[in-house]
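Take a look at the structure set out below.
What follows is calculated from the coordinates using simple rules that are stated; it is not laboratory data. Note that this is a predicted model, so its numbers are computed, not measured. Heads up, the Cβs are rebuilt from the backbone with ideal geometry, glycines too, and the neighbour counts pull from every protein chain shown.
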Amino acid sequence: MSPRPAQLLTLYFLLCAAPALHAQVTLPASVTPASMPAAVTPEQGTTGLLQTVPRLVWRRPDEVEGAFARIKALDGDLRFQAAEHDRARLDRLVCRGLVDFRALPAEKTAEFAFRDHVRGRSWMRPAVALTLIRALAELRKEIPTATMTIGDATQPGCGQVRHSVLVRWLEDTAPGVGPATAMANKAAPLLGVLAVVAWQAARDLPEYAAYFTSPDTPVRVETQLVGQDVTDDGRLILRTATRRFRRLGDLGVPVPESETKAMWRDVKAIARDGELVRVRKIRVSARGEQASFRWLQHWIDPDDGRQLVLISRQRQAKRKPRVGGVEEVRIGLWQERKPDSFPKEVRWYATRDKGGRKPHWEAFMALREAGHESHNSGRDVDVSYVTMGNTRHFAVDLKVLDVAATWRWFQILERVGRDTGVPLDKLMLEAKVARQFRLRLPPEALQTSLWRNHVGIVPGHDAHHHVRTKTPSAEADAKALEVLMGMRGR
Ligand SMILES: [Zn+2]
């Protein structure tokens with residue numbers, strides 16, 4: 001027997017242990033903290049702190065999808081939406097029964113490549129995974145050389161896929177031993193949450209080389225601990241969310257005053273024209289120390305499509321923030337359909353000389369990772385088009401797009417999906433790609449239900465198509481899982 005990869009252990013855990021954990025989570029609140037020291041002892045330096053990280057809550061994927069849909073529908077009142085979002089604590093929700101496509105047995109997935117090995121967004125419903133695998137096997141009967149590349153599916157444990165955020169799943173190998181405990185031991189309070197702040201250099205991130213002008217550019221890596229649980233045998237699980245920010249400008253060179261002035265003009269404009277949706281007073285001093293607080297205030301200007309967060313020593317006036325006492329400024333875009341996402345976030349950190357009132361600013365820009373409106377419950381997968389010679393998957397290149405072969409792939413997906421109990425819902429294509437299909441496919445193809453009812457034009461799909469299936473039944477997932485894990489063979 002070949003050794004099982006570590007990821008598969010996680011997979012088995014999610015599939016097998018989740019129901020038991022769910023029962024554990026419903027214990028009275030007074031009981032749950034007692035199980036924590038089993039995994040992390042006070043000697044390891046996290047006395048009490050880990051208890052501030054919320055317990056994960058296991059739900060069916062469609063329930064998690066519903067929870068997001070409910071928050072998204074509150075877009076008529078942004079303040080209420082923000083309050084409901086915070087109250088629901090969606091970061092705690094974890095889907096039961098998803099599989100990590102990347103960790104499936106290689107003999108079943110060999111013809112699939114992955115767009116990247118950074119994001120880790122390769123989780124999906126078992127019936128969806130099996131449909132992709134079988135459909136490609138069918139396509140290869142006609143085109144033996146065809147391969148496909150998978151981009152984003154859903155992130156580990158599912159949930160809202162936000163811009164610039166990488167969600168990870170850390171699981172110890174034994175009680176008190178492993179990546180979760182190691183992360184917990186490094187964590188410290190950061191504005192009311194537990195987090196680890198680390199620094200990297202541009203050279204440590206070769207996948208992002210295009211972002212950087214110098215290999216020395218510092219990158220601030222901020223990892224928040226957003227959820228925790230403990231397995232039946234006492235191993236700690238952590239769900240984390242990482243954001244990376246590259247320093248803007250050259251090292252040792254202060255940000256030009258013209259830019260800090262422009263930043264402050266933006267701050268004033270967003271606060272003046274936008275709506276103040278969050279005001280939070282956060283205690284930043286440890287227990288036993290003299291109490292010290294920061295104010296976190298969040299404005300959204302829906303007309304301008306921008307948002308602002310200020311972290312200050314004093315509470316700022318709703319319409320007229322003042323620079324004195326501001327320690328951190330966050331400015332980014334805002335998109336109605338992706339609440340709580342922060343595209344193109346730029347952070348400014350102030351330092352003040354002793355007695356000096358005028359701050360020096362350092363600016364950091366979030367490393368881009370796509371956000372998604374859907375992709376939150378394991379039935380959405382971004383897949384490359386079929387291309388000539390399998391070249392340039394996930395590149396925007398209509399010259400290599402193989403329209404006939406991609407159309408076959410769509411037809412096969414539709415048929416195989418029906419067989420595995422996961423009917424096709426939508427295939428999303430960019431308009432200019434759909435135009436190629438209209439030009440090059442025979443007229444009959446454009447009269448099919450597949451083209452008329454399932455193909456949709458959605459911007460952002462020029463380098464890949466988005467496969468969205470209907471919600472599979474629990475039986476379809478269970479059956480697919482048996483096949484995927486080789487319990488019954490094909
Ligand atoms: Zn997509």
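Over 21 Å between Cα atoms, which of 281/318; 432/470; 186/344; 261/320; 268/318; 108/141 qualify?
Details: 281/318 15 Å; 432/470 26 Å; 186/344 28 Å; 261/320 16 Å; 268/318 10 Å; 108/141 15 Å.
The answer is 432/470; 186/344.
Test of understanding: what is the full-extension gain from residue 293 to residue 118, defined as 0.36 nm times their sequence separation minus their Cα-Cα distance? Working shown, then result.
Values: separation 175, 0.36 × 175 = 63.00 nm, distance 3.58 nm.
That works out to 59.4 nm of additional length.
Among 223, 343, 478, whose Cα sits farthest toward the positive end of the charge dipole of the chain (+1 at Cβ of Lys/Arg, -1 at Cβ of Asp/Glu, about the Cα centre)?
It is 343.
Scale the Cα Rg of the chain by the rule-of-thumb value 2.2 N^0.38 Å and send over the ratio, two decimals.
Numbers: Rg = 24.2 Å, N = 490, 2.2 N^0.38 = 23.2 Å.
Relative to the 2.2 N^0.38 Å estimate, the chain comes out at 1.04.
Could you size up the charge dipole of the chain around its Cα centre, putting +1 on the beta carbon of Lys and Arg and -1 on that of Asp and Glu, and report it in debye to the nearest 20? List each step's numbers first, then the result.
Values: 75 positive and 57 negative charges, 230 e Å.
Charge dipole of the chain: 1100 debye, to the nearest 20.
With a Förster radius of 25 Å, plug the Cβ-Cβ distance of residue 432 and residue 137 into 1/(1 + (r/R0)^6) and report the FRET value to the nearest 0.05. Please list the in-between numbers first.
Values: r = 30 Å, r/R0 = 1.21.
Efficiency, rounded to the nearest 0.05: 0.25.
What does a probe at residue 200 reach in the range 224-238, counting residues whose amide N is under 16 Å from the point 7 Å along Cα→Cβ?
The answer is 224.
With an 8 Å Cα cut-off and a minimum separation of 6 or more residues, compute the relative contact order for the chain in percent. Intermediate values should be presented prior to the final figure.
On the way: 950 pairs, mean separation 82.2, N = 490.
The value is 17 percent.
Just name one of 144, 188, 173: the one whose Cα is farthest towards the positive end of the charge dipole of the range 142-207 (beta-carbon charges, Lys/Arg +1, Asp/Glu -1).
188
Expressed as an acute angle from 0 to 90° and rounded to the nearest 10, what is the orientation of the C-alpha long axis of helix 403-419 relative to the principal long axis of the chain?
Orientation of helix 403-419: about 90 degrees from the principal axis.
Quick check for me: using +1 on Lys/Arg Cβ and -1 on Asp/Glu Cβ, what's the dipole size of the range 95-154 about its Cα centre, in debye to the nearest 20? Walk me through the intermediate numbers first.
Values: 10 positive and 7 negative charges, 39 e Å.
Here the range 95-154 has a charge dipole of around 180 debye.
Could I have the simple spin-label model distance between residue 333 and residue 286, label points 7 Å from Cα toward Cβ, reported in nm to one decimal?
In this crude spin-label approximation the distance works out to 4.2 nm.
Quick one: divide the alpha-carbon radius of gyration of the range 143-280 by 2.2 N^0.38 Å and tell me what you get.
Values: Rg = 19.9 Å, N = 138, 2.2 N^0.38 = 14.3 Å.
That ratio works out to 1.39.
Suppose we look only past 19 Å in the calculated P(r) of the range 59-140. What percent of the Cα-Cα pairs does that tail hold?
Numbers: 1782 of 3321 pairs.
More than 19 Å apart: 54 percent of the Cα pairs in the range 59-140.
May I ask for the equivalent-ellipsoid semi-axes of the range 229-287, computed as the square root of five times each C-alpha gyration tensor eigenvalue and listed largest first in whole Å?
Values: eigenvalues 280, 92, 35 Å².
So the equivalent ellipsoid measures 37, 22, 13 Å along its semi-axes.
So if each residue of separation counts as 0.36 nm, and I subtract the Cα-Cα distance between residue 62 and residue 453, what length gain in nm does that give?
On the way: separation 391, 0.36 × 391 = 140.76 nm, distance 2.28 nm.
That works out to 138.5 nm of additional length.
Report Rg(Cα)/(2.2 N^0.38 Å) for the range 337-490, keeping two decimals. List each step's numbers first, then the result.
Working: Rg = 22.1 Å, N = 154, 2.2 N^0.38 = 14.9 Å.
Scaled against compact globular proteins, the figure is 1.48.
Ranked from highest to lowest mean number of other Cβ atoms within 10 Å per residue, what is the order of the peptides 117-125, 226-234? Please list the in-between numbers first.
Details: 117-125: 22.4, 226-234: 19.9.
Top of the packing list down: 117-125, 226-234.
Could you compute the net charge surrounding residue 324? Neighbours are other residues with a C-beta less than 9 Å from the C-beta of residue 324; K and R count +1, D and E count -1.
Cβ neighbours under 9 Å give a net charge of +3.
Mind checking the angle between helix 257-273 and the chain's longest principal axis? C-alpha axes, 0 to 90 degrees, to the nearest 10.
Long axis of 257-273 versus the principal axis of the chain: about 80 degrees.
What is the Rg over Rh value, at two decimals, for the range 323-383, using alpha-carbon atoms and the Kirkwood definition of Rh?
Details: Rg = 17.2 Å, Rh = 14.3 Å.
We get a ratio of 1.20 for the range 323-383.
Assuming R0 = 25 Å, can you tell me the calculated FRET efficiency for the pair residue 439 and residue 391, based on Cβ-Cβ distance, to the nearest 0.05? Provide the component values of the computation, followed by the final result.
Details: r = 21 Å, r/R0 = 0.85.
Computed FRET efficiency for residue 439 and residue 391: 0.75.
With angles folded into 0 to 90 degrees, how steeply does helix 431-440 sit against the dominant principal axis of the chain? Use alpha carbons for both and round to 10.
Orientation of helix 431-440: about 10 degrees from the principal axis.
Using R₀ = 22 Å, calculate the FRET efficiency as 1/(1 + (r/R₀)^6) where r is the Cβ-Cβ separation of residue 370 and residue 425; round to 0.05.
Calculated value: 0.60.
Calculate for the chain the 222 nm mean residue ellipticity that helices alone would give, adding -39,500 (n - 2.57) per DSSP H run of length 4 or more and normalising by residue count, nearest 500 deg cm²/dmol. Display every interim value, and only then the final one.
Values: 11 runs with 122 residues, N = 490.
Counting only the DSSP helices, I get -7500 deg cm²/dmol.
Stokes-Einstein D for the range 120-204 at 10 °C, 1.306 mPa s, Kirkwood Rh over Cα pairs, in µm²/s? Could you put the intermediate results ahead of the total?
Working: Rh = 16.7 Å.
D, rounded to a whole number, is 95 µm²/s.
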